[in-house]
2 protein chains.
Amino acid sequence: MNPHDERLQAALGYRFGDERRLARALTHRSASADNNERLEYLGDALLNFVIADSVFAAFPQASEGDLSRLRATLVREEALAAAARRIGLGDFLRLGSGELKSGGYRRDSILADGLEAVIGAVHLDGGFDAARGVCLRLFAEELGNLPDPLTLKDPKTRLQELLQATGRPLPEYAVLGESGPPHRRSFTVSCRLADGQDDGTVGEGGSRRLAEQQAAQRMLERLRPAGGGDA
Amino acid sequence: MNPHDERLQAALGYRFGDERRLARALTHRSASADNNERLEYLGDALLNFVIADSVFAAFPQASEGDLSRLRATLVREEALAAAARRIGLGDFLRLGSGELKSGGYRRDSILADGLEAVIGAVHLDGGFDAARGVCLRLFAEELGNLPDPLTLKDPKTRLQELLQATGRPLPEYAVLGESGPPHRRSFTVSCRLADGQDDGTVGEGGSRRLAEQQAAQRMLERLRPAGGGDA
């Protein structure tokens, strides 16, 4: 047995019955036609389900929209790459010479895909329970520190929900002005409540959407002074 | 026990330990705040993984792109609704009066969501293996008659792959003309191979994209006479 792969299996907390499966999972498409792309497809689906299940159990009161957003933060490419780095996955990947020279073993996408492929390989080798165990160990840190699902919503969404919950009309956004050169435009947008109980807030940003989010955030702060907490 | 739900459990091939989970899975959001949306989220993730795993095993040579397309055809809304109809799920759903009047129990989206929720409820009640068993029974017909993954690709994609595999340059599409009134436009498009070994083909359709697909299909037929088979 390769002492190198031994270290990886210890980090995963899983010992392969057939190490050719692990070797395949570590082979990027730049290195061989016998690469890890099929295993990545399998591991991606498995990880998505395991994280969905964990998030479901962790927040018995959260809506399916909140659960979806929470899962998305855990399985996004940067989060997968961070988990891959914790077990030093980059040291074990087999890349083609081009990717090696350009430092592909440090790239988020290659690390994330490799991690999913390893999860898929564990499933093939040891079955679903073994693969789930690996997923839960890999993401123990994130799963132990899950954010409140409500904080994942953007300000416009939170403002809309707060207003709906209190029976008030939805906010209206209007562009007050644009400035700056074409490549560095700045937008100024107002957020007003249609029932006229408020003077409105103003936001600025490099796009209309960003300016609206800032205006919504300021309206939220006005409606819910410090300590108000989320709905 | 409700003899009504008894019939559904027989059709699923699964007997619930706690039938309140089944009742929840059958409750559409139009009927109650205690509805099936969270269970739908869970069942969706589980079904996606189980189908991904089945398709992976069924086609050991297929690329991850082919596997993804194949899975997508199995878990799309119409396919889920068809499986729901086979077990008569519509008869068991609990809908609000508005949805009842408008025949919601026949709608694809409500049937598909309900089916996913039932799968999620089986997982909660009996664990992953029980839920996987239900998925495999529900989709036994589709999984037993899987199409060749290659036939799921559109003609432009297949033509591009064939040309790449044989080292020829990619095809070029050009609009030759448009005709017809604005609401019923017809496009004529040519498909030519840049190495000049071919006179090109022509396609027509109600959009540029459709016309291109027809031209690509004709080029495919020319390059691969009957019986040629797929790459």
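The values are calculated or read from the model by the stated rules, or taken from the named source; none is laboratory data. All figures in this text were calculated on a predicted structure; none of them were measured in a lab. With ideal geometry, Cβ positions are generated from the backbone for all residues, glycine too; neighbour counts draw on all protein chains shown.
Which of the numbered conditions does residue B:72 fail, given that it passes all the others? Conditions: (1) at pLDDT 95 or above; (2) assigned to a helix (DSSP H, G or I). Looking at each condition in turn, residue B:72 falls short on (1). Here residue A:88 fulfils each of the conditions (1) at negative phi; (2) more than 14 Å from the chain's Cα centre (by Cα); (3) not β-branched (Val, Ile, Thr) apart from (1). Mind listing whichever residues of region A:31-55 are among the small types (Gly, Ala, Ser) and more than 26 Å from the chain's Cα centre (by Cα)? Residues satisfying the conditions are A:31, A:32, A:33.
Within region A:77-104, the set of residues being out of contact with any His (no Cβ under 9 Å at 6 or more places or on another chain), in contact (Cβ under 8 Å) with a residue 40 or more places away in the chain and not in a helix (DSSP H, G or I) comprises A:87, A:88.
The set of residues from region A:187-205 being within 30 Å of the chain's Cα centre (by Cα) and without any contact (Cβ under 8 Å) to a residue 24 or more places away in the chain comprises A:188, A:203, A:204, A:205.
For region A:43-66, filtered to residues that are assigned to a helix (DSSP H, G or I), touching a residue at least 60 places away in the same chain (Cβ under 8 Å) and more than 20 Å from residue B:52 (Cβ to Cβ), the residue that is nearest to the other protein chains (Cβ to nearest Cβ) is A:66. What's the total number of residues in region A:96-125 that are within 14 Å of chain B (Cβ to nearest Cβ) and over 15 Å from residue A:84 (Cβ atoms)? Looking only at that region, the number is 3.
For region B:168-186, the criterion of being out of contact with any Lys or Arg (no Cβ under 9 Å at 6 or more places or on another chain), at negative phi, assigned by TED's automatic domain parsing to the domain that holds residue B:77 and assigned to a loop (DSSP other than H, G, I, E, B) is satisfied by no residue at all. The single residue among A:129, A:199, A:108, A:148 that is out of contact with any helix residue (DSSP H, G or I) (no Cβ under 6 Å at 6 or more places or on another chain) and farther than 30 Å from residue B:123 by Cα turns out to be A:199.
Of all residues in region A:67-76, one or more are free of Cβ contacts under 8 Å to residues at least 60 places away in the same chain and away from chain B (no Cβ under 14 Å). Looking only at region B:168-218, count how many residues are surrounded by 19 or more Cβ atoms within 10 Å (Cβ to Cβ), modelled with pLDDT of 90 or more and among the hydrophobic types (A, V, I, L, M, F, W, C). Qualifying residue count, region B:168-218: 6.
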